[in-house]
Ligand SMILES: [Zn+2]
């Protein structure tokens, strides 16, 4: 049995380990209504991509440490100076200078509210969240943009105060390590692996 | 805060007029099990030639460069698919280029073809778009579409594009729809209308005779959006041929097609709605300074623009396109439109973005009956009929072809050939579809000018394609 594909970096080069693809044979597609005539063929394929987070890596690493990192343009001559970005933007979209990284965990814990939301009954293939998925878009005081995430506990409504929770047990290092619960949720009601 | 420079607000200029002379399309369906993509492209091209009473070989002699719209390489599992289609159409060694801007790919391909003619690079170009979305099961298709959201910040949340629109639907419904059931029913009415018009279109994939309650009882995909609020997943191809004036006259000499003056303009906005900073609403020619100052008083919560309720990209495409073509009020100046109804909610949002109704009042375009071929309340012709093809909800969304299908539809109205091309019994038969006993011509009587909106992502790219009878230009 092959292991899942894993990668580390050494000397600035990716070092893949384990199995990155699995071989499955092609099979014919035939027409059941027409004498099983040949129409085509299946092309199975199972691949693992190798993806760099680049300048956003600090955001994804911080989630497992229960910190929510945003960015801000501090460039003195920029018209957008002081604009705070969550989602994290590496560069200011105005002056293109590298933004400063700021920790907004405490702002999130005290000011996060739901801007809009939806409840998703279906998901695409390969999705890891349990359905129904409650998407929420979150406003923070002093932040200029609106983060998309998902609500793990409680019912969404406009203006509902929510608190961030972080996957500290076996983090995935993806955006799914960040979730939210309605204000007043007890620690014991958090999904497995998550903490405030 | 987005601020525009004078240079950025310049109305685009074409070096010379550009004309649409013909267009064509294949059958559209969820799956086409016995035809390769190139066969569908050849169907579309052959139809375009036949509308000019030319053979494909005769039409090809005029073509000088080609613009191919195909969005999703991973759906078709073929990189450089443009080279395959170009070869199979027998157009080598002419220059060609692939264009991909998500759902707006068809509109963007027209934009590129238009600029090639306007600049003088080519006197005649082919614009062809296609998509093949049947090579994976539907849930994997939804996964592949969700890759057109931000892969680190959005796609893992459900891997379903409907969800990214549902949050807009929720916000719009509560703020501008005032949480009324009547607003939700108006959204459903759009789906009823588009599936119904699809019944009269032999190319269309999803003809249905349904009611508002059927839409409201269809399965929830991402609340508040239900299955019947959503566009289709499709296979098919569509093409258009664009020319300068002399070539247009030569190509149309033996045909009922009149060369149509054409303009295409484009706008954009962030891939993630999350990143959209609050800004002042840019105005269109039929709006007045200050008219939105009290929007948040009329619709509490409606103070953020474009927020999750408007599409700046559509507004900018309309701003540039109206400026180029002289349109000052779309409801007065246009006779027929095809809008990008990816979801019922985005159809309503677009009415406002392009100035058919002011922000906050999009629902009135449906509730007044203006958007119908025949206004159901007055039995008079609709003031500005929309999506008589059935749109993305009823006809198709073969992504790379969609913007071109819309343009084909608008052109058939201005050519006064809608009835001939959609009523042809032989075509219904060839597509193995039953022409309904109550088939009705949706030809817009006396149509002179039309507009098609092509839209990507959650409003990342939008194009506005405008067609006019050259004897009825605005200026
Ligand atoms: Zn800056």
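Seen from all sides and averaged, what is the projected area of the convex hull of the Cα atoms in the stretch B:258-363, in nm²? Mind showing how you got there, number by number?
On the way: hull surface 30.0 nm².
Its average projected convex-hull area is 7.5 nm².
Just grab the label-to-label distance for residue A:11 and residue B:246, each label 7 Å out from Cα along the Cβ direction, in nm (one decimal).
6.4
How high is the FRET efficiency between residue A:34 and residue A:128 when r is their beta carbon distance and R₀ equals 41 Å, given to the nearest 0.05? Write down the numbers at each step before the final one.
Working: r = 40 Å, r/R0 = 0.98.
Efficiency, from the Cβ-Cβ distance: 0.55.
Could you let me know the centre-to-centre spacing of the stretch B:338-378 and the stretch A:1-69, using Cα atoms, in angstrom?
That distance is 43 Å.
Grab every C-alpha pair in the stretch B:114-203, bin the distances at 10 angstrom width from 0 up to the longest one, and report whole percents.
13, 21, 30, 26, 9, 1
Restricting to Cα pairs below 8 Å that are 6+ residues apart, what does the relative contact order work out to for the stretch B:17-161? Please round to a whole percent. The partial results should precede the final answer.
Details: 194 pairs, mean separation 37.6, N = 145.
For the stretch B:17-161, the relative contact order is 26 percent.
In whole Å, what are the Cα extents of chain A along the three principal axes, biggest one first?
On the principal axes, chain A reaches 69, 46, 34 Å in Cα extent.
Looking at the stretch B:173-315, I'd like the Rg to Rh ratio, where Rg is from alpha-carbon atoms and Rh is Kirkwood's inverse mean 1/r. Display every interim value, and only then the final one.
Numbers: Rg = 20.9 Å, Rh = 19.6 Å.
Ratio of gyration radius to Kirkwood radius: 1.06.
Taking Rh as the Kirkwood radius computed over C-alpha pairs, what is the Stokes-Einstein D of chain B at 20 °C in a medium of viscosity 1.002 mPa s, expressed in µm² per second?
Values: Rh = 22.0 Å.
Here the translational diffusion coefficient equals 97 µm²/s.
Using only the C-alpha atoms of the stretch B:314-392, find the volume of their convex hull and express it per residue in Å³.
88
Please report, in cubic angstrom per residue, the volume enclosed by the convex hull of the alpha-carbon atoms of the stretch B:380-449.
Working: hull volume 7.6 nm³, N = 70.
Convex hull of Cα atoms, per residue: 108 Å³.
How would you rank B:255, B:65, A:188, going from fewest to most other Cβ atoms within 10 Å of each one's own Cβ? It would help to have the intermediate numbers written out before the result.
Working: B:255 16, B:65 19, A:188 5.
The fewest-first ordering by Cβ neighbours comes to A:188, B:255, B:65.
On alpha-carbon atoms, Rg over Rh for the stretch B:160-203 using Kirkwood Rh? Kindly include the intermediate steps, with their values, before the conclusion.
Details: Rg = 13.3 Å, Rh = 11.9 Å.
Rounded to two decimals, Rg/Rh equals 1.12.
Which percentage, to the nearest 5, of the DSSP beta bridges contained in the stretch A:54-195 is antiparallel? Could the numbers behind the result be given before it?
Working: 26 of 28 bridges.
Approximately 95 percent, going by the DSSP bridge assignments.
In degrees from 0 to 90, rounded to the nearest 10, what is the angle of the helix B:37-51 Cα long axis to the longest principal axis of chain B?
It works out to around 70 degrees.
With each pseudo-label sitting 7 Å past Cα toward Cβ, what's the residue B:279-residue B:10 distance in nm, one decimal?
1.9
Just to confirm the number: angle between the C-alpha axis of helix B:399-414 and the first principal axis of chain B, 0 to 90 degrees, nearest 10?
Taking the Cα atoms of chain B, the angle to B:399-414 is about 80 degrees.
In whole Å, what is the distance between the alpha-carbon centres of the stretch A:124-196 and the stretch B:429-475?
If you average the Cα positions of each part, the centres end up 43 Å apart.
Evaluate the relative contact order of chain B (contact order divided by residue number), counting alpha-carbon pairs under 8 angstrom at least 6 apart; express in whole percent. If you can, show how the numbers build up before the last one.
Details: 1101 pairs, mean separation 117.0, N = 475.
Across chain B, relative contact order equals 25 percent.
Based on the Kirkwood radius over alpha-carbon pairs, what is the Stokes-Einstein translational diffusion coefficient of the stretch B:331-475 at 10 °C with 1.306 mPa s viscosity, in µm²/s?
Numbers: Rh = 15.9 Å.
In µm²/s, the coefficient rounds to 100.
Sum -39500 (n - 2.57) across every DSSP H segment of at least 4 residues in the protein assembly as shown, then divide by the residue count to get the 222 nm mean residue ellipticity, nearest 500.
Numbers: 21 runs with 185 residues, N = 671.
Mean residue ellipticity at 222 nm (helix-derived): -7500 deg cm²/dmol.
Treat the count of other C-beta atoms within 10 Å as a stand-in for reagent exposure and order B:131, B:420, A:155 from fewest to most. Mind showing how you got there, number by number?
Numbers: B:131 29, B:420 14, A:155 10.
Result, fewest neighbours first: A:155, B:420, B:131.
For q = 0.10, 0.13, 0.16, 0.18 Å⁻¹, what log10 I(q)/I(0) does the stretch B:53-196 give under the Debye formula with an equal point scatterer on each alpha carbon and no solvent?
Listed by q, the Debye log ratios stand at -0.54, -0.80, -0.98, -1.07.
Would you please give the FRET efficiency between residue B:472 and residue A:61, computed as 1/(1 + (r/R0)^6) with r the Cβ-Cβ distance and R0 = 41 Å, to the nearest 0.05? Walk me through the intermediate numbers first.
Details: r = 62 Å, r/R0 = 1.50.
After rounding, the FRET efficiency stands at 0.10.
Any idea what log10 I(q)/I(0) is at q = 0.11 Å⁻¹ for the protein assembly as shown, Debye with uniform C-alpha scatterers and no solvent?
Calculated log10 I(q)/I(0) at the listed q: -1.16.
Run the Debye formula on the Cα coordinates of the stretch A:89-196, all scatterers equal and no solvent, and tell me log10 I(q)/I(0) at q = 0.21, 0.23 1/Å.
The computed values of log10 I(q)/I(0) come out as -1.21, -1.35.
Measuring from centroid to centroid over Cα atoms, what is the spacing of the stretch A:70-117 and the stretch B:169-216 in Å?
The two parts, judged by their Cα centres, are 38 Å apart.
D for the stretch A:42-112, whole µm²/s, Stokes-Einstein with Kirkwood Rh over alpha-carbon pairs at 4 °C and 1.567 mPa s: what number? If you can, show how the numbers build up before the last one.
Numbers: Rh = 13.9 Å.
It diffuses with D of about 93 µm²/s by this estimate.
Can you tell me the orientation of helix B:105-119 relative to chain B, as the angle in degrees between its alpha-carbon axis and the longest Cα principal axis, to the nearest 10?
The angle comes out at about 60 degrees.
As a footprinting exposure proxy, order B:74, B:340, B:159 by other Cβ within 10 Å, with the fewest listed first.
On the way: B:74 14, B:340 30, B:159 27.
The fewest-first ordering by Cβ neighbours comes to B:74, B:159, B:340.
No value in this document is a laboratory result; all are computed from the given coordinates. The shown structure was predicted, so the numbers you read here are calculated from the model rather than taken from an experiment. In this analysis, Cβ positions are derived from the backbone assuming ideal geometry, glycine residues included, and neighbour counts consider all displayed protein chains.
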